[in-house]
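K.L.:
Dropping a structure here in structure tokens format, bear with me for questions.
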Amino acid sequence: MPKQTFFNLSEDKRVRVFEAAIREFSAMPFAEASVNRIVKEAGISKGSFYQYFEDKNDVYHYMIEVIADRKAAVFNQVRDEHPDADVFELILRSTEVAMAADKGELDYAEAGMRIDLDDSEIAAAVRQESSERFVRLVERDKERGLIKPDVDSRLLIDLISTFSISELYRNRNNRARYVENLRAAINLIKEGVGTGR
């Protein structure tokens, strides 16, 4: 986590540093990401960076936590607005909201995709927490009679997640096509595992 000196910065400067980290980690795998490029992009000195973060791992972990919190907030908002929606519709609606919100300069989707491919402990923990949230919804939908009871909940979520990551990578310059293809795939999966209710 960032040091207190980072949180003491003006909001504008904190955002500038965070946006520089997002751009770097969305463009490069962690191993190839550079603190030098982050500080140059943020317009700060390297010494200042180390007053805010211990190292590249620290800023990366912070970025992962912020993105994970953002994804959870989007999902919770969609779930609260559509409490009776099944897991498939919640995934699609959350994706659409996230994609619409990411049309600005920052590419949270690209950074999120790289996090999904990261094998670090913190990225694995974030993926596990997200997966568990959706597994619980699959189990809920089984109890509601919407999904066949013998479906492996974790495998179902892993299947959707794997397709989503792959499709996002292929269509990262065409988000509408990504969402359209994800919707088609989820509908196909839903036909296979759903009970037709």
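Derivation of every value follows stated rules applied to the coordinates shown; laboratory data play no part. Small disclaimer: the values here were computed from a predicted structure and weren't measured. Backbone-built Cβ (ideal geometry, glycine too); neighbour counts: all protein chains shown.
K.L.:
Determine, for ASP84, ASP152, ASP116, the number of other Cβ atoms within 10 Å of each Cβ, and report the residues in order from fewest to most.
P.N.:
Numbers: ASP84 6, ASP152 12, ASP116 17.
In increasing order of surrounding Cβ atoms, one gets ASP84, ASP152, ASP116.
K.L.:
Give me the net charge of GLU41's neighbourhood, meaning all other residues with Cβ under 10 Å from the Cβ of GLU41; Lys, Arg count +1, Asp, Glu -1.
P.N.:
Working: positive: ARG16, ARG23, ARG37, LYS40; negative: GLU19, GLU24.
Charge balance near GLU41 sits at +2.
K.L.:
Additional query: Quote to one decimal, in nm, the extra length available between ALA176 and ASP80 on full extension: 0.36 nm per residue of separation minus the C-alpha distance between them. Can you show the working numbers first?
P.N.:
Working: separation 96, 0.36 × 96 = 34.56 nm, distance 2.45 nm.
Additional length available on full extension: 32.1 nm.
K.L.:
Using a simple spin-label model with points 7 Å from Cα along the Cα→Cβ vector, what separation in nm is obtained for SER131 and ASN36?
P.N.:
Computed distance between label sites SER131 and ASN36 equals 3.7 nm.
K.L.:
Compute the distance from the alpha-carbon center of the stretch 146-194 to that of the stretch 72-91, in whole Å.
P.N.:
16 Å
K.L.:
Shifting gears a bit: Grab the alpha carbons of the chain, take their convex hull, and tell me the volume per residue in Å³.
P.N.:
On the way: hull volume 23.8 nm³, N = 197.
Considering the Cα atoms of the chain, their hull volume per residue is 121 Å³.
K.L.:
A follow-up question, please. Hey, with R₀ at 45 Å, roughly what FRET efficiency would GLU191 and MET1 work out to, going by the Cβ-Cβ distance, to 0.05? Show your work: numbers first, answer last.
P.N.:
Details: r = 44 Å, r/R0 = 0.98.
After rounding to 0.05, the efficiency reads 0.55.
K.L.:
To the nearest 500 deg cm²/dmol, what mean residue ellipticity at 222 nm is calculated for the chain from DSSP H runs of n ≥ 4 alone, each contributing -39,500 (n - 2.57), summed and divided by the residues? Spell out each step's value before the answer.
P.N.:
On the way: 10 runs with 147 residues, N = 197.
For the chain, the value works out to -24500 deg cm²/dmol.
K.L.:
Tell me which residues come under 5 Å, amide H to amide H, from ILE147 once H is placed; ignore anything under 5 positions away on its chain.
P.N.:
Under 5 Å from the amide H of ILE147 lie the amide H atoms of LYS142, THR195, each far enough along the sequence or on another chain.
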